[in-house]
Amino acid sequence: MSDSTSTTKSPESRRPMSPHLQIYRPMLTMMMSIIHRITGAGLYFGTLLLAWWLIAAATDAKSYMFINDLLTSFVGRIILLGYTWALFHHMMGGIRHFIWDTGRGLDHPEREYLAQASLIASIGLTLFVWILAYLLR
Amino acid sequence: MSHNDHSMRTPMGKVRYLGSAKSGTTHVWHQRLTAYALLPLSIFFVILILSLIGKDYNSARAILAAPYVSILILLFIGSGIYHMQLGMRVIIEDYVHAHGSKTALLVANTFFSVCIGISAAYAVLKLSLA
C-alpha cells in the first residue's frame, strides 16, 4: 500500500542506505562483517539439510542411508565442508561480538587482530574437524 | 504508546510502524541470548556428527535416541531456529525497502523458521519416544 510512495524519487528515498558496500574501500573488518552475514544466511538455509537428515533418521534405515550416501558423495562433502566452515566462521564472529559487547577490541589495531584471529580460527577448526572425520571413518 | 505526547514520530510513521517500535533492545538481547546458548550447543552438535561417522542405521539411531542427546538436539534446534529467524529479519529489513515485499518476506521468514523447527523437533521426538 505504500509502494506508490516508496517508488517516487523524493530526496529521502534516494539517500544512501545501510550497509552501502559499493562506496567504501574494502577492508578486512568490513569483509568479515559481510561474511558473517553471508555465513549466517548459509546456515539458515542449511537447516533444510539438518531437518531432512533428522526426519530420515526418524523414518527408516532406507531413508537414512539414502541421505547419508547423498551427504558423503563428492558434492555432498563439498557442501558439508562449506557448512562446517560457515558454522565455525559464524561462531568465531559471534565470539568477536561477545568481546565487543564488553567494550573491548573495538580500537585499532585490536579489531584487526580480532578479525585475523577469527578467520584463522575458523579455517583451523574446520580443518581439525575434517581431519578428525577422515581418521574416524 | 498513546501516552507519549512528545514523540518525534509523525502520525503517518506511527500508523505504518516506521521508526522505533521500542522492541529493538529485546531483539538484540534475544539474539545474544540464543548466541550464548548456541556456542556450546553447536560444539556439541559437531561432536555428535563426528560420533556418528561410520555407524550403521541402528547404532546411529541408538545414539540419537539417548535422552541427553535428544534433549541437547532439541535445545540446539530451538535456540538455532529462533536465532536464525532474528538474523534473517535484520537482513530483510536492511535490504528490502518496498513495504509489500518486505512484509511478505518477513512472514515467509517466520513460516520457514517455524516449519523447519517443528519438523526437526518432531523427528527428534519420534526417534527418542518411539
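Read the figures in this text as sums done on the coordinates, not as results from a lab. Here the structure is a predicted model, which means the values were calculated and not measured. Note that each Cβ is placed from the backbone with ideal geometry, even for glycine, and that neighbours are counted across all protein chains shown.
Residues within the reach of a label modelled at A:Ile131 (point 7 angstrom out along Cα to beta-carbon, backbone nitrogen below 18 Å), restricted to the range B:23-50, are B:47, B:50. Of B:Ala98, B:Ala120, B:Ala62, the residue with the greatest mean-square motion in the GNM of chain B, using alpha carbon springs below 10 Å, is B:Ala98. Spatially close Lys pairs in chain B, defined by Cα atoms under 29 Å apart and a spacing of eight or more places or different chains, total 4. What number, in nm² with one decimal, is the all-direction average of the projected area of the convex hull of the alpha-carbon atoms of the range A:49-137? The directionally averaged projection comes out at 7.3 nm². With R₀ fixed at 25 Å, the C-beta to C-beta distance from A:Phe74 to A:Ile123 puts the FRET efficiency at about 0.75. When only the Cβ of Lys, Arg, Asp and Glu is charged (+1, +1, -1, -1), the dipole of the protein assembly as shown relative to its Cα centre reaches about 300 debye. If one puts a single equal scatterer on every Cα of the protein assembly as shown and applies the Debye formula without solvent, what log₁₀ I(q)/I(0) results at q = 0.08, 0.14 Å⁻¹? Debye intensities relative to I(0), on a log10 scale: -0.42, -1.10. Helix-only arithmetic for chain B: the sum of -39500 (n - 2.57) across DSSP H runs with n ≥ 4, divided by the residue total, places the mean residue ellipticity at 222 nm at -27500 deg cm²/dmol. Taken along the Cα-to-beta-carbon direction at a fixed 7 Å, the label points for B:His30 and B:Ala130 span 3.3 nm. Given +1 at the Cβ of Lys and Arg, -1 at the Cβ of Asp and Glu and no other charges, the dipole of chain B around its Cα centre is 180 debye to the nearest 20.
As a proxy for reagent exposure, ranking B:Ser79, B:Ser7 by other Cβ atoms within 10 Å from fewest up yields B:Ser7, B:Ser79. Extension gain, B:Ser7-B:Ile71: 0.36 nm per intervening residue step, less the Cα-Cα distance, totals 18.4 nm. Just to be sure I understand the model, the point goes 7 Å from the Cα along the line to the Cβ. What's the resulting A:Lys62 to B:Lys55 distance in nm? Result: 2.4 nm between the two label points.
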